[in-house]
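I have placed the structure first, in the form of structure tokens, so that the comments after it can refer back to it.
Please treat every number below as a calculation from the coordinates, not as lab data. Just so it is clear, the model here is predicted, and its values are computed rather than measured. Backbone-built Cβ (ideal geometry, glycine too); neighbour counts: all protein chains shown.
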């Protein structure tokens, strides 16, 4: 573990390799699991604001869930998460003609229709951030649906923290990320990041 400001980072974030391979997984992380994606309180308003922009992209089932319970709910563990359809699909998940899923919010962002990218927890995956009061913990989350991403990351020799540079900066800031890079380089010099 390393600590930068009030953030403790698991060495796995620096050591493990990862590169999303949508051709192989078809975006399964948006449709598998027992709860929606974690959402920060200040993101709820942004999710509600983007709804009119993406409404027509969403499935009938997703629209019905949103009409009934809103864009988020509190899961069994007390966390605020995106609403889900049929116990699995995130309400913002859509499918292309090849059956590959995508995020309607991210699509709208890329098309210049909104300035909200998507919940930061989605942007950060496979990193999960735990909030423990005086400090936050940044951990690498292993999940079978991401096997192809691990293989591609190893092939390209891309550590998790480099793959997720943009969302890490979004969450913690550029100065924090520069400190992370310095720490990673020092640990690599010491031989502490080898598999």
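Kindly identify the range 44-88 as rounded, prolate or oblate by the Cα gyration tensor criterion: order the square roots of the eigenvalues as a ≥ b ≥ c, call it rounded if a/c is under 1.5, otherwise compare a/b with b/c, prolate if a/b is larger, else oblate. Oblate is the answer for the range 44-88, as a/c is 1.5 or above yet b/c matches or exceeds a/b.
Here is how the number arises for the chain: DSSP H runs of 4 or more residues each give -39500 (n - 2.57), the sum is divided by the residue count, and the result at 222 nm is -11500 deg cm²/dmol. Summary of the geometry: the range 129-195 and the range 76-107, compared by the centres of their Cα atoms, lie 24 Å apart. Listed from fewest to most Cβ neighbours within 10 Å, the set 82, 93, 114, 74 follows the order 74, 114, 93, 82. Each of 22, 193 was scored by other Cβ atoms within 10 Å of its Cβ. Arranged with the fewest first, they read 22, 193.
What is the range 73-121 by shape, rounded, prolate or oblate, if you read a ≥ b ≥ c off the alpha carbon gyration tensor as root eigenvalues and call it rounded for a/c under 1.5, prolate for a/b larger than b/c, and oblate otherwise? Before the final figure, lay out each step's value.
Numbers: a/c = 3.41, a/b = 1.38, b/c = 2.47.
Since a/c reaches 1.5 but b/c is at least a/b, the shape of the range 73-121 is classed as oblate.
For the residues 97, 61, 48, a GNM of the chain with alpha-carbon springs under 10 Å puts the largest fluctuation on 97.
Just the projected area, averaged over all directions, of the convex hull on the alpha carbon atoms of the range 53-161: how many nm²?
Values: hull surface 36.6 nm².
Over all viewing directions, the range 53-161 projects a mean Cα-hull area of 9.1 nm².
Sorting 121, 59 by the number of Cβ atoms found within 10 Å of their own Cβ, with the fewest placed first, yields 59, 121. Restricting the calculation to alpha carbons of the chain gives Rg and Dmax of 17.4, 55 angstrom. When a/c reaches 1.5 or more, the comparison of a/b and b/c decides; with that in mind, is the range 27-116 rounded, prolate or oblate per its Cα gyration tensor? Judged from the Cα gyration tensor, the range 27-116 comes out oblate (a/c at least 1.5, b/c at or above a/b).
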